[in-house]
Amino acid sequence: MVSVLFVCLGNICRSPTAHGIFEHKVAQQPGAIATQITVDSAGTGDWHVGRQADARAQAAAQHRGYDLSALRARQVTPEDFSRFDYILAMDLKNFAHLKAMAPASFRGELAMFLDYLPDSGLQREVPDPYFGGEEGFNHVLDLVETAAEGLLHHILQHHFSG
Ligand code: 4NP
C-alpha cells in the first residue's frame, strides 16, 4: 500500500481539490494499482473541521468533472506521520507547520506538492484562493491537475514498476 495525505490550511479549498483529483486519477488505474493507493487530506488549522469543501472549490471542480461532495475537513494529527507515506504541503507555511510536527521516527516523504509538477520551475506553492475570486479556484485546479499527474507518475515508477 502507498498512502498520500494532502495538507493545506483549512482543508476546504486546496487540499480537498488535490484529494479529489488525485483519487480520481488513481481510480482510473488498473484495479491492482487503484486498490493499493490510499488518499486523504487535512488542514493545519481547525476552523472548518467537519465541513464540506468550500462551495466555490466544489463548483470549480465539478465543472471539470470532479466530485468533492463526500469530503469533510479534518485537522492534521500526530498519528498522520505514522499512517502516511507521502505528506504533501500546498504552501510553505503548511510545510513549515508539518516539519515542526513531524516526529524523528517519520520515515515517509514530507514535501511540497508542487515538487511533483513535471516542469516545476519557480512555482512552489499552490496559492490560497480563499479570499479571492473564481479565477483563483481555476488556477488551483490547473496546478493540481498537473502536479497530480506528476505525483502519480512518480508513485507508479517507484512503487509499481517491474
Ligand atoms: P485552504 O483555504 O487552506 O486551501 O483550505 C483556506 C480556507 C480557509 C481559510 C484560509 C484558507 N480561513 O482563513 O478560514
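None of the figures in this text is laboratory data; all of them are computed from the coordinates on show. Since the structure is predicted, the reported quantities are computational estimates derived from the model, not experimental observations. Virtual Cβ from ideal backbone geometry, glycine too; neighbours counted across all protein chains shown.
Among all residues of the range 18-26, there is at least one that is surrounded by fewer than 20 Cβ atoms within 10 Å (Cβ to Cβ) and on the phi < 0 side of the Ramachandran plot.
One residue stands out among those in the range 122-162 that are within 16 Å of the ligand (Cβ to nearest atom), assigned to a helix (DSSP H, G or I) and without any contact (Cβ under 8 Å) to a residue 40 or more places away in the chain: the one that is nearest to the chain's Cα centre (by Cα), which is Leu143. Ala60 meets each of the listed conditions (1) buried (at least 19 other Cβ atoms within 10 Å of the Cβ); (2) closer than 22 Å to Gly108 by Cα apart from (2). For the structure I just gave you, tell me whether Leu143 is touching a strand residue (DSSP E or B) at 6+ places or on another chain (Cβ under 7 Å) and either of a type in the set (Lys, Arg) or under 17 Å from Gly20 (Cβ atoms) (or both). In short, no. Checking each residue in the range 98-112 for being assigned to a loop (DSSP other than H, G, I, E, B), surrounded by fewer than 13 Cβ atoms within 10 Å (Cβ to Cβ) and not basic (Lys, Arg) picks out Pro103, Ala104, Ser105. Kindly establish whether Asp46 is acidic (Asp, Glu) and in contact (Cβ under 8 Å) with a residue 40 or more places away in the chain. Spelling it out, it is not the case that Asp46 is acidic (Asp, Glu) and in contact (Cβ under 8 Å) with a residue 40 or more places away in the chain.
Evaluated against (1) in contact with a Leu (Cβ under 8 Å, 6 or more places away or on another chain); (2) buried (at least 24 other Cβ atoms within 10 Å of the Cβ); (3) not in a helix (DSSP H, G or I), Asn11 falls short on exactly one condition, (1).
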